[in-house]
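Working notes, beginning with the structure itself.
The values are calculated or read from the model by the stated rules, or taken from the named source; none is laboratory data. Not measured: the values here are computed from a predicted model. Every residue, glycine among them, receives a Cβ derived from its backbone with ideal geometry; neighbour counts consider all protein chains shown. With ligands, DNA and RNA removed, areas are computed over all heavy atoms of the protein, side chains included. Shrake-Rupley method; radii C 1.70, N 1.55, O 1.52, S 1.80 Å.
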Amino acid sequence: MTPSLAQRIAITIGLLLLFRLGEFIPLPGVNPDAWAALTRGEGSGVAGMLAASSGGVRRLAIFALGLVPYVSAAVLLQLATVVSRKLRACARDGERGRATMVRNARYITVLLTAAQGWGIANGLEHVNGVVAHPGVLFRLSTVVTLTGGTMFLVWLAEQITARGIGNGIALILLTGMVTTVVVALELARRRLPVRYAARPVGTRQLDERKSDLSLKLNPAGIVPVLLASFLLSVLVAVLGFFIGFESSIVAQLRPAGPTYLVLYALLIILCTFFYTASVLDPDESAENLRRLGGSLPGIAPGEPTAACLDLIVSRTTLIGAIYLALVCLLPDILIRTLQVPVYFGGTALLITVCALIDLRAQFRAERPARP
């Protein structure tokens, strides 16, 4: 890899990370916890209506609208060239015409985003608990923030295209969709209902209550991927030392090769089960439930509960292990089968997502509670 290519790849990854960071900066004047409750279905159907009318907005962040308004403006402008000779002639006027069309698309983007932002602000004001201080000032600040966020993404996409690798708009749209799936799976939980019987604690009598036992789809995080990569590199080093790095066996273990893909996937799955077993013991969890007076509905305490938890954890871990393997191997599969140049690997994506989720959790823990 040449220094120039490495620099372009680094710029692309850095700008994409900046885009992802902006998707977690909330809009000024809104209560993100109340909005999150609505989108989970804990409130009225207003959240779904707003999401549909705003192009699928689910997180009230400064980049909530993404590049959708700009893409829509470009499509509308392209359709307008069919009926307008002036626009058609401008589009065909070489580089100068292209610059004019891009400038016109930006103007239309500002109008579309402003109208959309005003509609979102107006809708949010009708949702109890979401807007701290409704009024004209909140609507204007929402319009300015969302419009500025979209236009910043337009500039960001142009920088990726000019200084990085690939088409900036396509990369930002793809990164948003792919990362959303990874974030959703990293946050996914299997919730088991738990009933705690009434029991005395010291001089107090605790009433019977219900709770949930939350099991992560991927309790091992990024550890199995790093462990599998380490084991694979050790295997290659050992084989290369004894039989030579130019041997056919070592050649089969090169990235994107079929043997490499199968072995890497198996190592990730095995490491996921191994690490999960080391951090989550069904027998210990069942004993803790029994000691606290908790039980799963229809399951006797003790060994039956441990067996039930073991079965559920095994199934959940298998799904999580397959998900980890797919995320890490998909770039290599695309490179091998479709000859698609993928520069942002699955491991880097997982590390980024896990880091952002951890930062969000720490931020929420440090944030003072609302009165």
Surface accessible to a 1.4 Å probe, Ser278 within the full protein complex, Å²: 80
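For the stretch 51-147, take the convex hull of the Cα atoms, compute a quarter of its surface area, and give me that in nm², please.
7.1
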Charge dipole (the stretch 91-147, unit charges on Cβ, about Cα centre) - positive-most of Phe138, Val110, Asn128: Val110
Accessible area of the stretch 129-171 divided out per residue, in Å², using a probe of 1.4 angstrom: 47
Inter-site label distance for Trp118 and Asp283 at 7 Å from Cα along Cβ, in nm: 6.8
Normalised contact order of the stretch 186-313, rounded percent, pairs of Cα under 8 Å and 6 or more residues apart: 26
Rounded to the nearest 10 Å², the accessible area of Ser229 at probe 1.4 Å: 50
Hydrodynamic radius by Kirkwood, which averages 1/r over all alpha carbon pairs of the stretch 231-305, in angstrom: 15.7
Length gained when the stretch Lys210-Phe230 is fully extended (0.36 nm per residue, less Cα-Cα span): 2.9 nm
